[in-house]
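Each remark here refers to the structure printed beneath this line.
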Amino acid sequence: MGIAAIKVRSDSQLVVLQGRGEYEAKEEVMKKYLAKVQEAIALFDTFEIERVPRSQNMRADALSKLASSSFAHLNKEVLVEVVKQKSINHVHILAIDSSATWMTLLVNFLSSSALPENKTETRRIQFRTAKYAYSGGTLYRRSYLSPWLKCVTPEESDYVLREIHEGICAAHVGSRVLAKKCLLLDYYWPSIFQDAAELVQK
């Protein structure tokens, strides 16, 4: 007889609420992972998921860090399974959709020196790119806070904001603190302060 009931604990409010169906997954990757979770849930008669503070989730956090560790020092009684493939059939595409992001013109210029036909827009792009670099399919922006900030799409920025907010919301922080926290974690997008204000207001 197999396991009929399972109780899941997570320190991510976003994951918990998506698992309960209270939050909608917006990113395509997250939608696919959520579909996998729902398939797994269907295998049990009873399924519960609850959020716990990060301080109470240290064991799971420690286990997750094994993924980037060497296993040579572990006792033979510690069983580690290395998963070499993602659980979703997701092909990571480095090309940026020209119709979907604020980064397109910057990436086009930095990767292939492509410029818009409008001369005013061309000068503006040339001036802006002095603050950016493009490497390995990722756009970065210079910062006083750290050497480089990773530029993210609107979908990614929404996910980053929610993840950071649910981690510090107990302190009832303001929008500027939330935005600066994102910058300190090396993320950047132009509307970061406006988006943080809208999320806090909600």
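The values are calculated or read from the model by the stated rules, or taken from the named source; none is laboratory data. Quantities reported herein were computed from a predicted structural model and do not represent experimental measurements. All Cβ positions, glycine included, derive from the backbone under ideal geometry; neighbour counts span all protein chains shown. Side chains are part of the model used for accessible areas, which takes the heavy atoms of the whole protein and leaves out ligands, DNA and RNA. Shrake-Rupley method; radii C 1.70, N 1.55, O 1.52, S 1.80 Å.
What number of residues within the range 3-28 satisfy the criterion of being in contact with a strand residue (DSSP E or B) (Cβ under 7 Å, 6 or more places away or on another chain) and aliphatic (A, V, I, L, M)? Going through the range 3-28 one residue at a time, the tally reaches 5.
Among the residues of the range 22-39, the ones that are assigned to a loop (DSSP other than H, G, I, E, B) and open to solvent by 60 Å² or more (accessible area, probe 1.4 Å) come to 4 in all.
Residue pairs whose Cβ atoms lie under 9 Å apart, sitting 6 or more positions apart in sequence or on different chains, and linking a residue in the range 33-54 that is under 14 Å from Gln18 (Cβ atoms) to a partner that is open to solvent by 80 Å² or more (accessible area, probe 1.4 Å) and in a helix (DSSP H, G or I), are Ile49/Arg20. In the range 9-21, which residue that is under 20 Å from Ser157 (Cα atoms) and out of contact with any Asp or Glu (no Cβ under 8 Å at 6 or more places or on another chain) is least open to solvent (accessible area, probe 1.4 Å)? The residue in question is Leu17.
Taking every residue in the range 17-29 that is over 14 Å from Ile49 (Cα atoms) and pairing it with any residue that is at pLDDT below 80, at least 6 positions away or on another chain, the pairs with Cβ-Cβ distances below 6 Å are Val29/His90.
Among the residues that make up the range 40-56, is at least one of them at pLDDT below 70 and either surrounded by 10 or more Cβ atoms within 10 Å (Cβ to Cβ) or more than 18 Å from Glu155 (Cβ to Cβ) (or both)? Yes, the range 40-56 contains at least one residue that is at pLDDT below 70 and either surrounded by 10 or more Cβ atoms within 10 Å (Cβ to Cβ) or more than 18 Å from Glu155 (Cβ to Cβ) (or both).
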